[in-house]
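Accompanying notes for the structure given below.
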Amino acid sequence: MVSDQLTTAPAGTARPRRGPTARTGPRRRRSSLAVPYLLLVLPVGLVCLAMGYPLVRQFVMSFQEFGLAQQFGQPPEWVGLQNYTDVLSDPYFWVVTARSIAFCAACAAITMGIGIGFALLLQKLSTGPRVALQVALVLAWAMPPVSALTSYIWLTEPRYGVVNWFLTSIGLEGFAGFSWLADNQWTFFGVAATTVIWTSVPLVTLMTYAALTQLDTEVLEASELDGAGGFARLRHVTLPMIRPVVLLVAMLEIIWDLKVFTQINVLQGVAGNNDATNLLGTYVYQTGIGGGEYGTASALATVMLLIVLLMTWRYMRTLMKQGDI
Amino acid sequence: MTLTRRSLLAGATSAAVLGGLAACGNDTSSGGSGGSGGGGSKDLRVWFMEDSIPEQTRTWLKQTFEEQNAGSTLTIEVQQWDGIVSKLQTSLASKDSSPDVVEFGNTQVALFSSVGALLDISDAEETLGGSDLIQSFIDAGSWEGKLYATPLYAGARVYYYRKDLFAQAGIAVPTSLDELVAAAKTLHAANPEGTPEFSGIYMPGADPHTNEGWLFTHGGQYAEQDGDTWKGTLSTPESQAALVQVQDLMENATKYALDSNDNVQAAHQLFNAGKLGIYSALNVAAAKIDQAMWDADKVGVLALPGLTPGSIGHTFSGGSSIGISANNHNADLSRAVLELVYSDEFMTDMAKVGGWIPGRTSFASNLTGPTGSIAQEIIENSVLTPNSPQWGVLDGNNVPRDFWVRLARGEDPKTVAAEVDKTVADALNKG
């Protein structure tokens, strides 16, 4: 693949120098059509290699009885749709799915709200505070999830955590020694959502802000002259103009939040109630890597993939239409 | 101008979606093809668990092995307990990255011996210690009549208590389980020294093996095998009596019922800070308790008492086994490592330096310190969790821990037990 590119690229750039003749005309058009496709070969090839193999393997395994014994060398047995019926007929699967969708919807909506709010704020700020906020956002984004989670675990630690210290010092005595992660699933998901939102707000903010800086100021001025107030300008002019970016980011958020794994898994390690706190990501892990039932886990992962596709299908179509494809 | 930006955006979208979706793929490593290993590599890797083999013993093993087998090297890697089952599932299955000799938790080993992850070492049993080896661990390391893992060491679960606080509150040293419960509750309410955050006993849900002492002493269990099928037994009257008592302690004798895993590991700090009256831990934890407290004769040690006064209870028998990976890189050298582990020097060290009951029990006489005299008796009365490969899976997925945490949160023992009985039976009967 690499050599393909190396040999084509110089040829493509060399040709125009020959000058326009009757013969090279059509050939040039043909090669200029081929170049973009050749350029695509490398990235597509890499994606196929890195993502395709596990995906195909997962699909194949989802039709097999594949447990630990198979992992250690015994031949797997084909079981048709058995894994899928097992997964879909398990009421717990539906509990986890509903929980994941609710968690994803809440996190994505809050992330988008805060992110767009920050972007609008960045637009209004003077240089100093704007750079400070941007740096803070990039730092939050760049921090590895596990280190960020460690900080959150310390913050909410029942005995020494600063959260409980603060709440008790303002008079809420009930929070003395309160275990945010272990006491019940609502506070658990509260902490989990905070960590998820915290890491994803920066991307939303920075992308939205980038889109805002590209806005045509003349249109905004014109609407101002027409008498549109600040909120009306935001609603009827600014937001519609940055809609493609907002939709794209929203879709990414949905995909990420639906398959969130690290945050939940690490927090579960502290909390001690996996059943009540599993989301799809950790459920697949618990079934596959934890339980050694790779076949069932593969079926589960495939179903999860379909759910993600279903949930994002409408957004993708909207985006495609806007992109004139 | 706008058109270009839009198509760029669309391009970026499809790339992002592809990336996002494909990342959902579940990347389990592909299965190795098993086999007996026995290649020619002279560089061996041994995995020991954290806090198990004393550092000087590890150094001795490495040096002695390399002296006796010129040209070979031995790399010892220390693994964390947390998440070890999943790690072993993937690493042992890989021909390239499998360690050669591996330490396992004694409840986890059946999972690996039953699927062919370990080398059959039946012929080496006599060389390694024969009848001197801890029998219940031999059972746990055997599968269908063949031996795959041998006992490395066992730890005795003892109770450290504050003699001085007991005296100040006028409480006698408990001789039965009921008396222990009463003592913990009385001490919790009395808090003789007025220490903030004081608890009569340390009883967190996240420490299943402490709580199992109550379960086993009352005659309960997680599950029992009837013929070929397993049945969850947390709902039996014996188990229920234990669960009610444990929950009573969690609610009325401790402030630390919802402590996290990490806090459980560091609980000796609470004891050292004077915040605990009674603290359950392994006999080797004696070294973590402030020497000043020992010197001032403030600390006593007792075995978990039984139901009747003067009897001894049944605690979980914690410990490790050791085996050779089926995907080892040199079977002969791996066996040589195992023989060194069962040598007199190594086994003596395990007791003397490590404070463990060594796999060859005759070396337990080297145990010293405050727990030395009762450790052996506790081990002899100890009980194992259900010996089934699937129990390793349940354990790896934290089912026992989550069960006790639910009790710690105040959920009804009957309801929780009924649910967990079903989960346990479903999982064990899959095997």
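Tell me yes or no: at least one residue of segment B:86-101 is more than 14 Å from chain A (Cβ to nearest Cβ) and of a type in the set (A, V, I, L, M, F, W, C). Break it down into steps so the answer makes sense when it comes.
Going residue by residue through segment B:86-101, those that are more than 14 Å from chain A (Cβ to nearest Cβ) are B:96, B:99-101.
Next, from what is left, pick out any that are of a type in the set (A, V, I, L, M, F, W, C): B:101.
Yes, there is a match, as at least one residue in segment B:86-101 is more than 14 Å from chain A (Cβ to nearest Cβ) and of a type in the set (A, V, I, L, M, F, W, C).
Quick one: which residue in A:I264, A:I254, A:I289 is of a type in the set (V, I, T), more than 20 Å from the chain's Cα centre (by Cα) and either at negative phi or not in a helix (DSSP H, G or I) (or both)?
On the way: A:I264 fails: more than 20 Å from the chain's Cα centre (by Cα); A:I254 fails: more than 20 Å from the chain's Cα centre (by Cα).
Of the residues listed, the single one that is of a type in the set (V, I, T), more than 20 Å from the chain's Cα centre (by Cα) and either at negative phi or not in a helix (DSSP H, G or I) (or both) is A:I289.
Just wondering, is there one or more residues in segment B:101-110 that are modelled with pLDDT of 95 or more and over 21 Å from B:G355 (Cβ atoms)? Can you show your working first?
Going residue by residue through segment B:101-110, those that are modelled with pLDDT of 95 or more are B:101-103.
Those left that are additionally over 21 Å from B:G355 (Cβ atoms): B:101-102.
Yes, segment B:101-110 contains a residue that is modelled with pLDDT of 95 or more and over 21 Å from B:G355 (Cβ atoms).
Quick one: which residue in A:T127, A:T111, A:T85, A:T156 is touching a residue at least 12 places away in the same chain (Cβ under 8 Å), among the polar types (S, T, N, Q) and either within 14 Å of another protein chain (Cβ to nearest Cβ) or loosely packed, with under 14 Cβ neighbours inside 10 Å (or both)?
Details: A:T127 fails: touching a residue at least 12 places away in the same chain (Cβ under 8 Å); A:T111 fails: either within 14 Å of another protein chain (Cβ to nearest Cβ) or loosely packed, with under 14 Cβ neighbours inside 10 Å (or both); A:T85 fails: touching a residue at least 12 places away in the same chain (Cβ under 8 Å).
Result of the check over A:T127, A:T111, A:T85, A:T156: A:T156.
Does B:V264 satisfy the criteria of being in the same structural domain as B:P196 (by the TED database), in a helix (DSSP H, G or I) and touching an Asp or Glu at 6+ places or on another chain (Cβ under 8 Å)?
Judged against the criteria, B:V264 is a match.
Restricting the search to segment B:92-107, which residues are polar (S, T, N, Q) and surrounded by fewer than 22 Cβ atoms within 10 Å (Cβ to Cβ)?
Filtering segment B:92-107 down to residues polar (S, T, N, Q) leaves B:94, B:97-98, B:106-107.
Answer for segment B:92-107, where residues must be polar (S, T, N, Q) and surrounded by fewer than 22 Cβ atoms within 10 Å (Cβ to Cβ): B:S94, B:S97.
Please specify each residue of segment B:268-294 satisfying the condition of being in contact (Cβ under 8 Å) with a residue 24 or more places away in the chain and either assigned to a helix (DSSP H, G or I) or touching a Leu at 6+ places or on another chain (Cβ under 6 Å) (or both).
B:L270, B:F271, B:L276, B:G277, B:N283, B:V284, B:A285, B:A286, B:A287, B:W294, listed by residue number.
Is it the case that A:T195 is part of a helix (DSSP H, G or I) and more than 14 Å from every other protein chain (Cβ to nearest Cβ)?
Numbers: part of a helix (DSSP H, G or I): yes; more than 14 Å from every other protein chain (Cβ to nearest Cβ): yes.
It is true that A:T195 is part of a helix (DSSP H, G or I) and more than 14 Å from every other protein chain (Cβ to nearest Cβ).
Taking segment A:224-241 only, how many residues are assigned to a helix (DSSP H, G or I) and within 23 Å of A:G113 (Cα to Cα)? First the steps, then the outcome.
Going through segment A:224-241, the residues assigned to a helix (DSSP H, G or I) turn out to be A:224-225, A:230-241.
When the remaining residues are screened for being within 23 Å of A:G113 (Cα to Cα), the result is A:230-241.
Adding up the residues that qualify gives 12.
Scan the helices (runs of 4 or more DSSP H) fully inside segment A:73-148 and keep the ones with 1 or more residues being in contact with a strand residue (DSSP E or B) (Cβ under 9 Å, 6 or more places away or on another chain) and of a type outside the set (K, R).
Details: elements: A:82-88, A:91-124, A:127-142.
Hits in segment A:73-148: A:82-88.
Restricting to segment B:114-130, name every residue that is surrounded by fewer than 24 Cβ atoms within 10 Å (Cβ to Cβ) and within 22 Å of the chain's Cα centre (by Cα).
Across segment B:114-130, the qualifying residue is only B:S114.
Going by the conditions given, is B:E419 assigned to a loop (DSSP other than H, G, I, E, B) and within 14 Å of chain A (Cβ to nearest Cβ)?
On the way: assigned to a loop (DSSP other than H, G, I, E, B): no; within 14 Å of chain A (Cβ to nearest Cβ): yes.
Considered against the rule, which asks whether it is assigned to a loop (DSSP other than H, G, I, E, B) and within 14 Å of chain A (Cβ to nearest Cβ), B:E419 comes out as no.
When both residues are 6+ apart or on different chains and their Cβ atoms are under 6 Å apart, which pairs have a first residue that lies in segment A:228-245 and is farther than 22 Å from A:Y315 by Cβ, and a second that is of a type in the set (S, T, Y)?
Filtered contacts from segment A:228-245: A:R233/A:S223; A:V237/A:S223.
Restricting attention to segment A:163-184, does a residue exist that is part of a helix (DSSP H, G or I), among the hydroxyl-bearing types (S, T, Y) and touching a Leu at 6+ places or on another chain (Cβ under 8 Å)?
Within segment A:163-184, none of the residues are part of a helix (DSSP H, G or I), among the hydroxyl-bearing types (S, T, Y) and touching a Leu at 6+ places or on another chain (Cβ under 8 Å).
Scanning segment B:288-337 for residues that are under 30 Å from B:E67 (Cβ atoms) and among the β-branched types (V, I, T), which turns out surrounded by the most Cβ atoms within 10 Å (Cβ to Cβ)? Explain how you work it out, then say what you get.
The initial filter retains those residues of segment B:288-337 that are under 30 Å from B:E67 (Cβ atoms), namely B:319-337.
If we keep only those that are among the β-branched types (V, I, T) too, we end up with B:322, B:324, B:337.
Values: B:I322: 27, B:I324: 25, B:V337: 25.
Among residues in segment B:288-337 that are under 30 Å from B:E67 (Cβ atoms) and among the β-branched types (V, I, T), the one surrounded by the most Cβ atoms within 10 Å (Cβ to Cβ) is B:I322.
Would you check which residues across segment B:55-75 are free of Cβ contacts under 8 Å to residues at least 24 places away in the same chain and either aromatic (F, W, Y) or in a helix (DSSP H, G or I) (or both) and list them? Please lay out each step first, then the result.
At the first step, the residues of segment B:55-75 found to be free of Cβ contacts under 8 Å to residues at least 24 places away in the same chain are B:55, B:58-59, B:62-63, B:66-67, B:70.
Answer for segment B:55-75, where residues must be free of Cβ contacts under 8 Å to residues at least 24 places away in the same chain and either aromatic (F, W, Y) or in a helix (DSSP H, G or I) (or both): B:E55, B:R58, B:T59, B:K62, B:Q63, B:E66, B:E67.
Is it fair to say B:D248 is free of Cβ contacts under 8 Å to residues at least 60 places away in the same chain and either over 21 Å from the mean Cα position of the chain (by Cα) or surrounded by 24 or more Cβ atoms within 10 Å (Cβ to Cβ) (or both)? If you could, list the steps in order and put the result at the bottom.
Details: free of Cβ contacts under 8 Å to residues at least 60 places away in the same chain: no; either over 21 Å from the mean Cα position of the chain (by Cα) or surrounded by 24 or more Cβ atoms within 10 Å (Cβ to Cβ) (or both): yes.
Spelling it out, it is not the case that B:D248 is free of Cβ contacts under 8 Å to residues at least 60 places away in the same chain and either over 21 Å from the mean Cα position of the chain (by Cα) or surrounded by 24 or more Cβ atoms within 10 Å (Cβ to Cβ) (or both).
Here is a yes/no grid of residues against (1) facing another protein chain (nearest Cβ under 7 Å); (2) free of Cβ contacts under 8 Å to residues at least 40 places away in the same chain:
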site	(1), (2)
A:D257	no, no
A:N265	no, yes
A:Q268	no, yes
A:G272	yes, no
A:N278	no, no
A:V284	yes, yes
A:L310	no, yes
A:L319	yes, no
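Only one residue in A:L300, A:L248 is within 14 Å of the chain's Cα centre (by Cα) and either assigned to a loop (DSSP other than H, G, I, E, B) or facing chain B (nearest Cβ under 10 Å) (or both), so which one is that? Spell out the reasoning first.
Values: A:L300 fails: within 14 Å of the chain's Cα centre (by Cα).
So the residue among A:L300, A:L248 that is within 14 Å of the chain's Cα centre (by Cα) and either assigned to a loop (DSSP other than H, G, I, E, B) or facing chain B (nearest Cβ under 10 Å) (or both) is A:L248.
Which pairs have Cβ atoms under 7 Å, sit 6 or more apart or on different chains, and link a residue in segment B:251-267 that is acidic (D, E) to one that is in a loop (DSSP other than H, G, I, E, B) and surrounded by fewer than 19 Cβ atoms within 10 Å (Cβ to Cβ)?
Hits for this filter: B:E251/B:G410.
Which of the residues spanning segment B:225-237 are surrounded by 15 or more Cβ atoms within 10 Å (Cβ to Cβ) and of a type in the set (D, E, K, R)? Spell out the reasoning first.
Restricting attention to segment B:225-237, the residues satisfying the condition of being surrounded by 15 or more Cβ atoms within 10 Å (Cβ to Cβ) are B:230-236.
B:K231 - this is the single residue of segment B:225-237 that is surrounded by 15 or more Cβ atoms within 10 Å (Cβ to Cβ) and of a type in the set (D, E, K, R).
Taking the condition of being in contact (Cβ under 8 Å) with a residue 40 or more places away in the chain and assigned to a helix (DSSP H, G or I), how many residues in segment B:376-415 meet it? Let's see the steps before the verdict.
If we filter segment B:376-415 for residues that are in contact (Cβ under 8 Å) with a residue 40 or more places away in the chain, which is where we start, we get B:376-379, B:381-393, B:395-396, B:400-401, B:403-410, B:413-414.
Subsequent filtering for residues that are assigned to a helix (DSSP H, G or I) retains B:376-379, B:389-393, B:395-396, B:400-401, B:403-408, B:413-414.
Qualifying residue count for the region: 21.
Yes/no per residue for (1) buried (at least 22 other Cβ atoms within 10 Å of the Cβ); (2) touching a helix residue (DSSP H, G or I) at 6+ places or on another chain (Cβ under 8 Å); (3) not hydrophobic (A, V, I, L, M, F, W, C):
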| residue | (1), (2), (3) |
| --- | --- |
| A:L239 | no, yes, no |
| A:D275 | no, yes, yes |
| A:N278 | yes, yes, yes |
| A:T287 | yes, yes, yes |
| A:G290 | yes, yes, yes |
| A:T312 | no, yes, yes |
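Show the residue pairs that are 6+ apart or on different chains and have beta-carbon atoms under 8 Å apart, the first residue being within segment B:81-103 and under 14 Å from B:F48 (Cβ atoms), the second being of a type in the set (F, W, Y) and part of a strand (DSSP E or B).
B:L88/B:F104; B:P99/B:W47; B:V101/B:W47; B:V102/B:W47; B:E103/B:W47; B:E103/B:F48
The values are calculated or read from the model by the stated rules, or taken from the named source; none is laboratory data. These figures come from a predicted structure and were not determined experimentally. Note that each Cβ is placed from the backbone with ideal geometry, even for glycine, and that neighbours are counted across all protein chains shown.
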